[in-house]
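The values are calculated or read from the model by the stated rules, or taken from the named source; none is laboratory data. In this text, all values refer to a predicted model and were calculated from it rather than measured experimentally. Methodologically, a virtual Cβ is constructed for each residue, glycine included, from the backbone with ideal geometry; neighbour enumeration extends over all protein chains shown. Quick note on the areas: whole protein, heavy atoms, side chains included, nothing else; ligands and nucleic acids left out. Shrake-Rupley method; radii C 1.70, N 1.55, O 1.52, S 1.80 Å.
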Amino acid sequence: MELRGLLIACLALIFKGPTQIASTPVAGNSQMNVLYIVVDDLRPDLEPFGESMVHTPNIAALAKQSLIFDRAYCQFAFCAPSRNSFMTGRRPDTTECWNFLDHFRETTGQNWISMPQYFKNNGYFSSGVGKLYHPNLPPQGDPPSWSDVAEYPYINPSPLSCPNGDAWCSIDPKKYNFSDIETLELGLERMRHAAKNVSQPFFLGVGFHKPHLPFRSPTGFLELYPPAENISLATNKLFPKNAPTISWNNCLAGGQRYKVQVSTGKSTKSFCPSL
């Protein structure tokens, strides 16, 4: 795989507007810095994919400078198997990770080289922040992947729920610590630190938790959208033909949270995250 020529995408472009950080090679080195951004549960219901109602101006600005893939698909219906997949470049049937119990380092890939590990092994300073792997799958964020092993931070979202058990709500960011803001600030700090070493390129992975449930947003964002009764729902609500059962659930059916059972030869576990 040819890794040279990858462009640096700036975190601030996503959250704070356009910036002047350039996608130029490291001084005296033809290798470029790499910023790898992962966004949890983000669907392609965005302006660059033709969705006009969703307000994502900074993502749209980034898209105008980017190569867009419109036939890229989710590897699996769960977080942990998908992340074990795209962080290693192998399908779940190869990693043998289909649940929230296993990870590639304990199944078939003890000696595999992960994507950030590949960069590290080829002269890059490799660093990660936030939700890149699913927490502890592999354990401790997979130390072989990173140059700064002892400093890989996964920032847990606050358990604060919406009032009255509502699925959606706005919360004053002055009263609630949104974990993605911490991830953003730490990611920018890591980027600035890595950029000081002009003789070594860096790979920086930054993983954001939103829009994963619970659906809490800072005050002001929900006001950008029309009332729920004025939003059109999907016309086709039927189960897709030949789709695997595991890919289909209704998060709030009957007032319940989503609940899924996964099994391996070792155990069976139910998952029913709260909102």
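Numerical summary
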read-out: Which listed residue is within 21 Å of Val206 (Cα to Cα) and more than 19 Å from the chain's Cα centre (by Cα), from Tyr118, Tyr73; value: Tyr118
read-out: Of residues in the stretch 153-179 being open to solvent by less than 40 Å² (accessible area, probe 1.4 Å) and of a type in the set (Phe, Trp, Tyr), the one nearest to Trp112 (Cα to Cα); value: Phe178
read-out: Within the stretch 50-61, considering residues that are at pLDDT 90 or above and among the hydrophobic types (A, V, I, L, M, F, W, C), the one farthest from Pro211 (Cα to Cα); value: Ala61
read-out: Subset of the stretch 51-76 [over 28 Å from Ala228 (Cβ atoms) and open to solvent by 90 Å² or more (accessible area, probe 1.4 Å)]; value: Lys64, Gln65, Leu67, Phe69, Asp70, Arg71, Tyr73
read-out: Some residue of the stretch 206-222 being aromatic (Phe, Trp, Tyr) and within 17 Å of Phe125 (Cα to Cα); value: no
read-out: Selection within the stretch 53-85 - in contact with a helix residue (DSSP H, G or I) (Cβ under 9 Å, 6 or more places away or on another chain) and under 15 Å from Asn99 (Cα atoms); value: Cys74, Gln75, Phe76, Ala77, Phe78, Pro81, Ser82, Asn84, Ser85
read-out: Criterion (closer than 16 Å to Val38 by Cα and touching a residue at least 40 places away in the same chain (Cβ under 8 Å)) met by exactly one of Tyr124, Tyr133; value: Tyr133
read-out: Unmet criterion (only one of (1) over 17 Å from Asp40 (Cβ atoms); (2) open to solvent by less than 10 Å² (accessible area, probe 1.4 Å); (3) not charged (D, E, K, R)) for Gly128; value: (1)
read-out: Number of positions in the stretch 81-104 that are hydrophobic (A, V, I, L, M, F, W, C) and either surrounded by fewer than 17 Cβ atoms within 10 Å (Cβ to Cβ) or within 27 Å of Glu185 (Cβ to Cβ) (or both); value: 3
read-out: Residue among Arg192, Arg216 that alone is over 25 Å from Glu151 (Cα atoms) and either open to solvent by 90 Å² or more (accessible area, probe 1.4 Å) or outside any helix (DSSP H, G or I) (or both); value: Arg216
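For (1) open to solvent by 20 Å² or more (accessible area, probe 1.4 Å); (2) of a type outside the set (D, E, K, R); (3) under 20 Å from the mean Cα position of the chain (by Cα), each residue gets a yes or a no:
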{"position": "Glu106", "(1), (2), (3)": "yes, no, no"}
{"position": "Gln140", "(1), (2), (3)": "yes, yes, yes"}
{"position": "Ile181", "(1), (2), (3)": "yes, yes, yes"}
{"position": "Pro201", "(1), (2), (3)": "no, yes, no"}
{"position": "Pro211", "(1), (2), (3)": "yes, yes, yes"}
